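Novice: Input: one structure, supplied below.
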């Protein structure tokens, strides 16, 4: 059956990062499930030539354009060219700047990028948390190459909470990979050239943590000290296969202390 969704090319043009404009149009288009947008963002636009090139490209794809330009000169030029080429474009900032200026009888500074520092930081944080969430407990390993840090360890070694602490407080994309007894790691976990951290822990500490979690179930190898020792021996065998891995003993450390160790090491 043919898809009913309509693919729409959306060009986002800005003299700063364009991230705010992209969020605005995304928030609008998500209300129209029949539309599948294909975004192309053009940041740091500073010349009329750049505008001409973008509009020519938009014309080829029959794209709509969302533009966020604080420069009145570039906005005016953009308006002239898009009318000449009959391209549909939405000016996000121009009408708002004019209305605010008239309301209080003041002129805007027309300096691009004043919001970009905050905008980029918040966007990066959102990206990092989303990445860490999607790469918890060995998920989506095909995109490990995008991680800043990869954490490995057996079950109940604080991999997940440490990952999210690093992500939320330091804007890091963190993937964590469980080491399962006597199962080999996926090949790309070993070969991807990203910083890797191996968590180790005392068997007794793991047993206590696991026993609390399974307090209402029957005893098993999951909480057995000897079985845990075998898990840890296997995890260290895995660690020896990974060049440059940093090993951290998390037995008696808080998440904050573990994170400090990670951040303080090269």
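Novice: Ranking 255, 106 by Cβ neighbours within 10 Å, fewest first, what do you get?
Specialist: Ordered by Cβ neighbours within 10 Å, fewest first: 106, 255.
Novice: Which whole-number percent gives the relative contact order of region 123-264, counting Cα pairs below 8 Å spaced six or more residues apart?
Specialist: Value for region 123-264: 28 percent.
Novice: How would you rank 190, 125, 74, going from fewest to most other Cβ atoms within 10 Å of each one's own Cβ?
Specialist: 190, 125, 74
Novice: Would you mind getting me the FRET efficiency between residue 96 and residue 29? Use the beta-carbon distance for r and R0 = 25 Å, nearest 0.05.
Specialist: 0.80
Novice: Taking the chain as the reference, fit the longest principal axis to its C-alpha atoms, fit the long axis of helix 225-240 to the helix C-alpha atoms, and give the angle between the two in degrees, 0 to 90, nearest 10.
Specialist: That helix lies at roughly 50 degrees to the long axis.
Novice: Considering only 166, 19, 185, give the residue with the highest GNM mean-square fluctuation for the chain, with springs between Cα atoms whenever their separation is below 10 Å.
Specialist: Looking only at 166, 19, 185, the biggest GNM fluctuation is shown by 185.
Novice: Here is a follow-up. Given a 10 angstrom Cα cut-off, can you work out which residue in 213, 195, 75 is the most mobile in a GNM of the chain?
Specialist: Answer for the Gaussian network model of the chain: 213.
Novice: If we count other beta carbons within 10 Å of each Cβ, what is the order of 235, 71, fewest first?
Specialist: The order, fewest Cβ neighbours first, is 71, 235.
Novice: Which shape class applies to region 175-266: rounded if a/c is under 1.5, otherwise prolate when a/b exceeds b/c and oblate if not, where a ≥ b ≥ c are the square roots of the Cα gyration tensor eigenvalues?
Specialist: It is oblate, given that a/c is not under 1.5 and a/b is not larger than b/c.
Novice: When only C-alpha pairs under 8 Å and at least 6 residues apart count, what is the relative contact order of region 6-114, in percent?
Specialist: 31 percent
Novice: Just need the relative contact order of the chain here, percent rounded to a whole number, with Cα pairs under 8 Å and 6+ apart.
Specialist: Once normalised by length, the contact order is 14 percent.
Novice: For the pair residue 106/residue 227, report the inter-label distance in nm, with labels modelled 7 Å from Cα in the Cβ direction.
Specialist: Result for the modelled spin labels: 6.8 nm.
Novice: Something else: Looking only at 160, 26, 200, which one moves most when the chain is put into a Gaussian network model with springs between Cα atoms under 10 Å?
Specialist: Taking springs between Cα atoms under 10 Å, the residue moving most is 26.
Novice: Let me ask something else. Quick one: Debye curve from the C-alpha atoms of region 6-114, no solvent, what's log10 I(q)/I(0) at q = 0.11, 0.17, 0.22, 0.23 Å⁻¹?
Specialist: Here log10 of I(q) over I(0) equals -0.34, -0.80, -1.22, -1.30.
Novice: A further question on this structure: Between helix 159-170 and the chain, what is the angle of the helix's C-alpha long axis to the longest principal axis, kept within 0 to 90° and rounded to the nearest 10?
Specialist: Result, in degrees: 30.
Novice: Further question on the same structure: Divide by every residue of the chain the summed helix terms, -39500 (n - 2.57) for each DSSP H run of at least 4, and state the resulting mean residue ellipticity at 222 nm, rounded to the nearest 500 deg cm²/dmol.
Specialist: Helix-only estimate at 222 nm: -14500 deg cm²/dmol.
Computed from the coordinates by the stated procedures, all read-outs in this text should not be read as laboratory data. Nothing here was measured: the structure is a model prediction, and the numbers come from that model. Here the Cβ is made from the backbone with ideal geometry for all residues, glycine too, and neighbour counts use every protein chain on show.
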